[in-house]
């Protein structure tokens, strides 16, 4: 390794000159995993609880707690809606998971999901100005199997403490029942980021990618690889946005989704899959390589790569093809390979490759918009409004084949989509209060600026310590050594 100061912006520059593109990509993956472990150990997690009210003398304790606070309790008892404004409930999200489908690692035990859920809370606060906490629960019944009714009952009981619930990393088919039941049974928004969030940002990226390719959503042929929660929601939202069912085909490890799939057609839990089986793939494609010939779009949310999608398959796709390879932590095909095979636009879930298609670009803004008008739910139309807002905002900033949507560190995209989401909630009659587009935008932007200013000040003052350079250097050296060991 070259003797250079290591930062997360120059990792590729300090790697040996003779490393191939694939070796560089593999080292980066190993480096981020090792660094994440060391950084989490250094900080002991990512989140903490801190007051937002001041203590201006001893007697303020009498106002913040007893005896004065009893008036808050009785006031909320008599006017329950005031819980959103007299407490932090109006800006608080509960991130609920049973950790049975965490990233590409599957069931990691309930507490194993805390790192990801804390990460969601971190992004909600920094990107959207939204407070959140991680709630990882054991959903197993007496037989030791994950039971959706346990999650449903848990959320119904805790909803009175939150302004919204973010469901995360719940295995299918349980995730479908949990989301659909809670959307109907709860009086606050219940959002499943793995479904609705992924679909929102995929749609945003697709809208702009199609504009760059000069194609129309109602004309293109779209292939989905993977039939999990993400791609089922992707298909639903993309169809709602104008795609034609006859132009869609979806595959999982068992093959194409069609009426012969008894596993989906005869199991009531897979009602979303059944609809795809019945309405898509009229040409009866039997394999992914066959379906990709002359296809315009491939959206893959399957297992981590590389090598899941082959270069030779991509080379048969239509001119100016679009490929979103969204498996984590490694995409199904590396972007450089897909480009070499002729793909026009390639997106992944990672920020160290061009075109990051990641739900972190949407969930902070969507939840902020819903919270600011106290929406009772988040509908698909609100998610579509957010996707269109991301796409429109990105076009104003400037798009090209290597950046079809803006990056997640663009502060103003979140208040922009928050305003669109809030407007859709108000117009559809599911908001408790009404605010104008501009009011929501201004309030969201002010909250986000406050959070970023606070973090900058805490980093400058040392209240948030900087990661020692030795941790970065050691993590990168470990990654290089691990690559050699694996080879």
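The values are calculated or read from the model by the stated rules, or taken from the named source; none is laboratory data. Fair warning: this is a prediction, and the values are worked out from it, not measured in the lab. Here the Cβ is made from the backbone with ideal geometry for all residues, glycine too, and neighbour counts use every protein chain on show.
Given the criteria in a helix (DSSP H, G or I), out of contact with any strand residue (DSSP E or B) (no Cβ under 7 Å at 6 or more places or on another chain), farther than 30 Å from residue 342 by Cβ and free of Cβ contacts under 8 Å to residues at least 24 places away in the same chain, does residue 194 qualify? Considered against the rule, which asks whether it is in a helix (DSSP H, G or I), out of contact with any strand residue (DSSP E or B) (no Cβ under 7 Å at 6 or more places or on another chain), farther than 30 Å from residue 342 by Cβ and free of Cβ contacts under 8 Å to residues at least 24 places away in the same chain, residue 194 comes out as no. Let me spell it out: the conditions are (1) surrounded by fewer than 19 Cβ atoms within 10 Å (Cβ to Cβ); (2) over 17 Å from the mean Cα position of the chain (by Cα), and residue 303 meets all of them except one. Which number is the exception? Only one criterion in (1) surrounded by fewer than 19 Cβ atoms within 10 Å (Cβ to Cβ); (2) over 17 Å from the mean Cα position of the chain (by Cα) is unmet by residue 303, namely (2).
When the residues of the stretch 207-238 are filtered to those that are closer than 24 Å to residue 307 by Cα and not in a helix (DSSP H, G or I), which remaining residue is farthest from the chain's Cα centre (by Cα)? If we take residues in the stretch 207-238 being closer than 24 Å to residue 307 by Cα and not in a helix (DSSP H, G or I), then 221 is farthest from the chain's Cα centre (by Cα).
Looking at this structure, is residue 272 under 21 Å from residue 32 (Cα atoms), in the same structural domain as residue 234 (by TED's automatic domain parsing) and within 24 Å of the chain's Cα centre (by Cα)? Spell out how you get there, then give the answer.
Values: under 21 Å from residue 32 (Cα atoms): no; in the same structural domain as residue 234 (by TED's automatic domain parsing): yes; within 24 Å of the chain's Cα centre (by Cα): yes.
Taking the combined requirement at face value, the residue does not satisfy it.
For the stretch 452-465, a residue qualifies if it is over 14 Å from residue 412 (Cβ atoms), in a helix (DSSP H, G or I) and in contact with a helix residue (DSSP H, G or I) (Cβ under 9 Å, 6 or more places away or on another chain), and exactly one does: 455.
Checked against the criteria, residue 110 does not count as at pLDDT 95 or above, farther than 25 Å from residue 383 by Cβ and surrounded by 18 or more Cβ atoms within 10 Å (Cβ to Cβ). Of all the numbered requirements in (1) in a helix (DSSP H, G or I); (2) in contact with a helix residue (DSSP H, G or I) (Cβ under 9 Å, 6 or more places away or on another chain), residue 13 misses one, and that requirement is (2).
In the set (1) farther than 16 Å from residue 191 by Cβ; (2) in contact with a helix residue (DSSP H, G or I) (Cβ under 7 Å, 6 or more places away or on another chain); (3) crowded, with 21+ Cβ neighbours inside 10 Å, residue 349 fails one condition alone, (2). Here residue 116 fulfils each of the conditions (1) buried (at least 22 other Cβ atoms within 10 Å of the Cβ); (2) in a helix (DSSP H, G or I) apart from (1).
For the stretch 272-294, a residue qualifies if it is in contact (Cβ under 8 Å) with a residue 24 or more places away in the chain, assigned to a helix (DSSP H, G or I) and in contact with a helix residue (DSSP H, G or I) (Cβ under 9 Å, 6 or more places away or on another chain), and the qualifying residues are 272, 273, 276, 279, 288, 289, 292. Taken over the stretch 48-78, residues that are assigned to a loop (DSSP other than H, G, I, E, B), touching a helix residue (DSSP H, G or I) at 6+ places or on another chain (Cβ under 9 Å) and under 23 Å from residue 372 (Cα atoms) amount to 3.
Count of the stretch 375-407 residues, restricted to those that are in contact (Cβ under 8 Å) with a residue 60 or more places away in the chain, more than 19 Å from residue 166 (Cα to Cα) and in a loop (DSSP other than H, G, I, E, B), is 4.
Looking at 245, 189, 256, which one is surrounded by fewer than 18 Cβ atoms within 10 Å (Cβ to Cβ) and touching a helix residue (DSSP H, G or I) at 6+ places or on another chain (Cβ under 9 Å)? Being surrounded by fewer than 18 Cβ atoms within 10 Å (Cβ to Cβ) and touching a helix residue (DSSP H, G or I) at 6+ places or on another chain (Cβ under 9 Å) holds for just one of 245, 189, 256, which is 245.
Among the residues of the stretch 445-453, is any outside the structural domain of residue 392 (by TED's automatic domain parsing), under 20 Å from residue 30 (Cβ atoms) and more than 24 Å from the chain's Cα centre (by Cα)? Within the stretch 445-453, not a single residue is outside the structural domain of residue 392 (by TED's automatic domain parsing), under 20 Å from residue 30 (Cβ atoms) and more than 24 Å from the chain's Cα centre (by Cα).
Residues of the stretch 239-266 that are in a helix (DSSP H, G or I) and either in contact with a strand residue (DSSP E or B) (Cβ under 7 Å, 6 or more places away or on another chain) or at positive phi (or both): 247 alone.
For the stretch 35-72, the set of residues classified as loosely packed, with under 10 Cβ neighbours inside 10 Å and either closer than 30 Å to residue 120 by Cα or touching a residue at least 12 places away in the same chain (Cβ under 8 Å) (or both) consists of 44, 48, 49, 50, 51, 52, 53, 54, listed by residue number.
Counting just the residues of the stretch 157-175 that are in contact with a strand residue (DSSP E or B) (Cβ under 9 Å, 6 or more places away or on another chain) and part of a helix (DSSP H, G or I), which one comes out farthest from residue 134 (Cα to Cα)? Restricting to residues being in contact with a strand residue (DSSP E or B) (Cβ under 9 Å, 6 or more places away or on another chain) and part of a helix (DSSP H, G or I), the top hit is 174.
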